[in-house]
Each structure stands twice: as structure tokens, then as C-alpha cells.
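Structure first, commentary second.
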Amino acid sequence: MDLEPFKHTAIKAARKSARILRARFGNISRIREKENAEIVTEADTQSEEVIISTIQADFPDHAVLGEECGLIVGASEYKWIVDPLDGTVNFAHQIPIFSISIALAVGDTIVVGIILDPTNDELYSAVSGQGAQLNGQPIQVSATRTIAKSLLVTGFPYNVQEIFEPVMVRYGRCLKASQGMRRLGSAALDLCYVACGRFEGFWEQNLKPWDSAAGSLMVVEAGGKVTTFADQPYTVEHAEILATNGRIHKEMLGLLEL
């Protein structure tokens, strides 16, 4: 299957979205709360609209699952999974750490992933079986073999108060065992940073498909490993994700076990 036309469309859509986010950054007039203290801005909705219209112009029979619009049913086995603004809280507070995430699934398999960081103009791309790239150059996970020498990253779900104890137990274990911990606020970028070797590992609970679809493919295509906390093969329907350079994966599984 030639996946280049799909990759081209995803990049085109992400670039259009980036122009909207740059124009809206620091210029938000409305912030609406969703459930579990989650928020949405007009930048989220405008970004998603331009991404979906770009996809539908090229592939009108494809389904689209968007964070804001939900599922748009298609007439084929292709489904796009879209996060128009991953890191909305950062964006709303004028913290320049956010991204656009677009993935394409054929059936249940993610085959294309595009993640764009508009602030730093970093475009991450992955195509199934063809590796991962950053701005057109191949990337791979780090060679670090122990957690003691690893920089880790995690995120806290919007409903963290409901699962506070297990979240903090895992966080504490990893903080003690690792070289350092970070919390950026954009799961898509966390996964990209694992893929390009900036972080050795990332874990989080209660992500949605649009948070992890493109990024999980990015890590695998860069030579890393992605599973659940129980070391089961990861899919976007799972409620937890562990992504590492592969070399520290077993050690990380032990830290996350409750």
C-alpha cells in the first residue's frame, strides 16, 4: 500500500492548523469547560475544522474521529484520528508547549502518524514499516540502558483526583529511580521526545485515542516499545500506555506494577 498520499494530506492539514494556532496563541477570547475540568478554546475547534475539511477534500469517504467533533462515519476502512490542539491548558495559559496530532488507521492498525509542534516548527512523521522522521531526518530512540540514567516524562489525566493514589505511587517510584522527571502537558510531544531520544520513557493513564495514536506509531517506528502497564500490546483503546526506548522497558514495568 502506498501511504505517501495519506502522509502528504496529514502534513498539509497540520500546516494549515498550525497557522490558526499561531494566530490564536495569546489571543483567546473564550474558554469553555468540559467534564472533569477539561477545557476547550476556539483555537481547538477552528483547528479541528480546518484539519477535517482538508482530509475530506482529499478522501471524502474516510471516517474521522476528532477530539471535539466525535466520530464522523465514513464508507471505507480508513479512519483518521485527530487531536487539533494537544496541550490546551498550556495554550490557554500562553505556555508554548502544545502540538497537533493526526493519525490514520486502516482497520485497527495505525499506519501514518503526523505530529507538529508549531512553536518550534518541528514536524514528526511516521509511516508503518518505514521509520520515523523529524523534519525529514530519521530519528531513533536513545541507547540508554538503565532507568538510573534515564530522563522520564509523564502526564496527569483530567480526572487525576479520582485515581490520585495510584498515579502518585507510580510517579514517586519513577522519580526516585530515574535521573529526572518532566511533565510537559502534551502527550503527543512526550511520545515524540521518546522517539527522538530526548526522553527514555513515558507513561500515562486515561489517555484518549487522539492523544496517543500518532505518537505510539512514532515510538515504534523509531525503534522503541509501546505496551500497557501489564506488558500487553498497546492499542489506542487501552486506558494506559507505557512507551520507552525498549532497553528500560522491563524495569519500567516493574515500577508501574501495583
Leu256 vs. criteria more than 17 Å from Lys149 (Cβ to Cβ), in contact with a Lys or Arg (Cβ under 6 Å, 6 or more places away or on another chain) and open to solvent by less than 10 Å² (accessible area, probe 1.4 Å): yes
Count of residues meeting criterion [in a helix (DSSP H, G or I), modelled with pLDDT under 95 and surrounded by fewer than 20 Cβ atoms within 10 Å (Cβ to Cβ)] in the stretch 37-53: 4
Test: Asn159 is touching a helix residue (DSSP H, G or I) at 6+ places or on another chain (Cβ under 6 Å), surrounded by fewer than 20 Cβ atoms within 10 Å (Cβ to Cβ) and either more than 26 Å from Gly66 (Cα to Cα) or of a type outside the set (Gly, Ala, Ser) (or both): yes
Unmet requirement for Gly197, which otherwise passes all of (1) of a type outside the set (Asp, Glu); (2) out of contact with any Cys (no Cβ under 9 Å at 6 or more places or on another chain); (3) within 25 Å of Gly70 (Cα to Cα): (3)
Positions within the stretch 218-258 being in a loop (DSSP other than H, G, I, E, B), within 20 Å of Gln140 (Cβ to Cβ) and either under 13 Å from the mean Cα position of the chain (by Cα) or among the small types (Gly, Ala, Ser) (or both), in sequence order: Ala222, Gly223, Gly224, Gly246
From the options Val112, Val89, Val160, residue that is of a type in the set (Val, Ile, Thr) and without any contact (Cβ under 8 Å) to a residue 12 or more places away in the chain: Val160
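The rows are residues; the columns are (1) assigned to a loop (DSSP other than H, G, I, E, B); (2) within 21 Å of Ser101 (Cα to Cα); (3) among the β-branched types (Val, Ile, Thr); (4) open to solvent by 30 Å² or more (accessible area, probe 1.4 Å).
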site	(1), (2), (3), (4)
Val167	no, no, yes, no
Lys176	no, no, no, yes
Leu184	yes, yes, no, yes
Ala188	no, yes, no, no
Cys192	no, yes, no, no
Phe199	yes, yes, no, no
Trp203	no, yes, no, no
Ser212	no, yes, no, no
Ser216	no, yes, no, no
Near pairs, Cβ below 9 angstrom, 6+ apart or cross-chain, from the stretch 17-31 (under 11 Å from Gln94 (Cα atoms)) to any residue that is open to solvent by 70 Å² or more (accessible area, probe 1.4 Å) and not aromatic (Phe, Trp, Tyr): Phe25/Gln94; Gly26/Gln94; Ile28/Gln94
Residue ranges of strands (runs of 3 or more DSSP E) in the stretch 93-132 with at least 1 members out of contact with any Asp or Glu (no Cβ under 9 Å at 6 or more places or on another chain), surrounded by fewer than 18 Cβ atoms within 10 Å (Cβ to Cβ) and modelled with pLDDT of 95 or more: 109-117, 122-127
Answer residue from the stretch 144-156, given it is without any contact (Cβ under 8 Å) to a residue 60 or more places away in the chain and among the small types (Gly, Ala, Ser) and is surrounded by the most Cβ atoms within 10 Å (Cβ to Cβ) among those: Gly155
Filter pass, Leu65 being without any contact (Cβ under 8 Å) to a residue 12 or more places away in the chain, open to solvent by 10 Å² or more (accessible area, probe 1.4 Å) and under 30 Å from Pro5 (Cα atoms): no
Tally of residues being touching a residue at least 24 places away in the same chain (Cβ under 8 Å) and not aromatic (Phe, Trp, Tyr) across the stretch 68-84: 7
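The values are calculated or read from the model by the stated rules, or taken from the named source; none is laboratory data. Remember, predicted model here, so these are calculated numbers, not experimental data. All Cβ positions, even for glycine, are placed from backbone atoms using ideal geometry, and neighbour counts span all protein chains on display. Accessible surface is based on the protein model in full, side chains and every heavy atom, while ligands, DNA and RNA are left aside. Shrake-Rupley method; radii C 1.70, N 1.55, O 1.52, S 1.80 Å.
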